Amino acid sequence: MNNQITNTSDSGHMNNSNKAEMEARILAQALPFMQRYAGKSVVIKYGGHAMGDENLSHAFCSDVALIKQSGVNPIVVHGGGPQIAAMLERMGIKSEFKGGLRVTDRQTVEVVEMVLAGSINKSIVASMNSQGARAVGLCGKDGNMVLVEKATRTIVDPDSNIESVVDLGFVGEPKNVDREVLDMVIRSGLIPVIAPVSFGADGNTYNVNADTFAGAISGALDTTRLLFLTDVPGVLDKQGSLIKELSVSQALSLIEDGTISDGMIPKVETCIQAIEKGVEGVVILNGKRPHAVLLELFTEHGAGTLIVK
């Protein structure tokens, strides 16, 4: 009996010892990457679909808190498309789509602001703060951080092949980013969590695509990395395998030959625009993969597709 107890105890000690060794190895491997990004800023675009799972959402906020503690300055820009759609439905507000784009009237933009700058923004901030971080919720309106201009889109009628300009209502595109508020927040040791709602020069409130908004913020801050959390692993080749790294010219070639298609095209184009504005590298990765951000920043192989100049 005594022998059995001793053996069990030894086995438990070995398991704990192995676990400690494994954790030490992981830390040792991560350390050079932590040093590489120390003191630098990283913008993370946190998407509506990645936010839908409570466990993943909790893990994401915990990871961002850890990134901040490791000496990196994370800036989070979040979307909320599915949550906006659910609220519009609950309030009985019908959405009109033209050329696959949501037309945002005054009533809709009020709901967008309520959901994005209100409930979603504050729930992310609360979750991060519960993990020991110090996050603060902002939107593009704060300190006139992001001024936008009204967005228009040209669509082609598939039957007549005639082009027409679509009025999307209160949908905006970033025109100017004033980094003063963000610099102040970062210097204070806080994590900015930003909703993509902004003023236009006409004083109206505009909804901005979160990818475009994150790209504009990242470009204005000359960040080391811009991470797009999506629901796909990254850019795939024609065989469906992940492409680990692309230059801007390679990415443009893949759009031209149809390898990059559909919804991935505007995402890659946003990556290219951010690089042209001064971002060192942009990564498209799967936000539904646990700890995707940590894997991307602090491991050798990363977790998605890196696009560089």
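Only one residue of VAL197, ASN207, LEU242 has its Cα farthest out toward the positive end of the dipole of region 154-309, where Lys and Arg carry +1 and Asp and Glu -1 on Cβ, and that residue is LEU242.
Under the simplified labelling scheme, the GLU89-ASP167 pair shows an inter-label distance of 2.9 nm, with each label point 7 Å from Cα along Cα→Cβ. At a 1.4 Å probe, what is the % contribution of carbon and sulfur to the accessible area of region 212-290? The value for region 212-290 is 48 percent carbon and sulfur by accessible area. Near the amide H of ALA135, within less than 5 Å, lie the amide hydrogens of ASN129, ILE191, all on another chain or at least 5 residues away, with H placed in the peptide plane.
Every helix of 4 or more DSSP H residues in the chain counts as -39500 (n - 2.57), and over all residues that averages to -13000 deg cm²/dmol at 222 nm.
Post the alpha-carbon centroid distance, region 235-308 to region 75-152, in whole angstrom. The two parts, judged by their Cα centres, are 25 Å apart.
For a test of the definition: using alpha carbon positions, the gyration tensor, and the 1.5 limit on a/c, classify region 91-184 as rounded, prolate or oblate.
Verdict is prolate for region 91-184.
Given R₀ = 35 Å, FRET efficiency for LEU101-HIS301 by Cβ-Cβ distance, to 0.05? Efficiency at R0 = 35 Å is approximately 0.45. Averaging 1/r across all pairs of distinct Cα atoms in the chain and inverting the result yields a Kirkwood radius of 20.9 Å.
Checking the Cα-Cα distances for LYS94/LYS150; LYS98/LYS150; LYS267/LYS309; LYS40/LYS277; LYS175/LYS309 against a 19 Å cut-off, the pairs over it are LYS94/LYS150; LYS175/LYS309. Computed over protein heavy atoms with a 1.4 Å probe, the accessible surface of the chain works out to 51 Å² per residue. Rounded to the nearest 10 degrees, the angle from helix 210-221 to the longest Cα principal axis of the chain is 70 degrees. Report, in degrees rounded to the nearest 10, the 0 to 90 angle that the Cα long axis of helix 2-37 makes with the longest principal axis of the chain. Long axis of 2-37 versus the principal axis of the chain: about 40 degrees.
For region 88-117, which trypsin sites (Lys or Arg not before Pro) pass both filters: DSSP loop (anything but H, G, I, E, B) and at most 15 other C-beta atoms within 10 Å? Sites meeting the loop and neighbour criteria: LYS94. Fully extending the segment from ASP157 to ASN204 would add 13.9 nm, taking 0.36 nm per residue of separation and subtracting the current Cα-Cα distance. For the chain, the residue among VAL166, ASN55, ILE260 whose Cα projects farthest onto the positive side of the dipole built from Cβ charges is ASN55.
The charge dipole of region 113-259, taken about its Cα centre with unit charges on the Cβ atoms of Lys, Arg (+1), Asp and Glu (-1) only, comes to about 760 debye.
Sorted from longest to shortest, the spans of the Cα atoms of region 213-304 along the three principal axes equal 34, 29, 21 Å.
The simple Förster model, with R0 at 22 Å and r as the Cβ-Cβ distance, assigns ILE255 and GLU280 a FRET efficiency of 0.55. The C-alpha atoms of region 146-230 occupy a region whose extents along the principal axes are 56, 31, 17 Å, arranged from largest to smallest. Within region 67-105, name every residue whose backbone N is under 12 Å away from a label modeled 7 Å from Cα of ASP183 along the Cβ vector. Counting only backbone N, you get no residues.
Taking the C-alpha atoms only, the angle from helix 264-276 to the longest principal axis of the chain is near 80 degrees. For a test of the definition: using alpha carbon positions, the gyration tensor, and the 1.5 limit on a/c, classify region 156-309 as rounded, prolate or oblate. Here region 156-309 falls in the oblate category. Close amide H contacts of ILE307 (hydrogens built in the peptide plane, cut-off under 5 Å, sequence separation of 5 or more or a different chain): LEU246, VAL282, VAL283, ILE284. Placing +1 on each Lys and Arg Cβ and -1 on each Asp and Glu Cβ, with no other charges, gives the chain a dipole about its Cα centre of roughly 780 debye.
The values are calculated or read from the model by the stated rules, or taken from the named source; none is laboratory data. Keep in mind that this is a model prediction, so the values were computed, not measured. As a convention, Cβ positions derive from the backbone with ideal geometry for all residues, glycine included, and neighbour counts pool all protein chains shown. The protein model used for the area step is the full one, side chains on, heavy atoms only, and it has no ligands, DNA or RNA in it. Shrake-Rupley method; radii C 1.70, N 1.55, O 1.52, S 1.80 Å.
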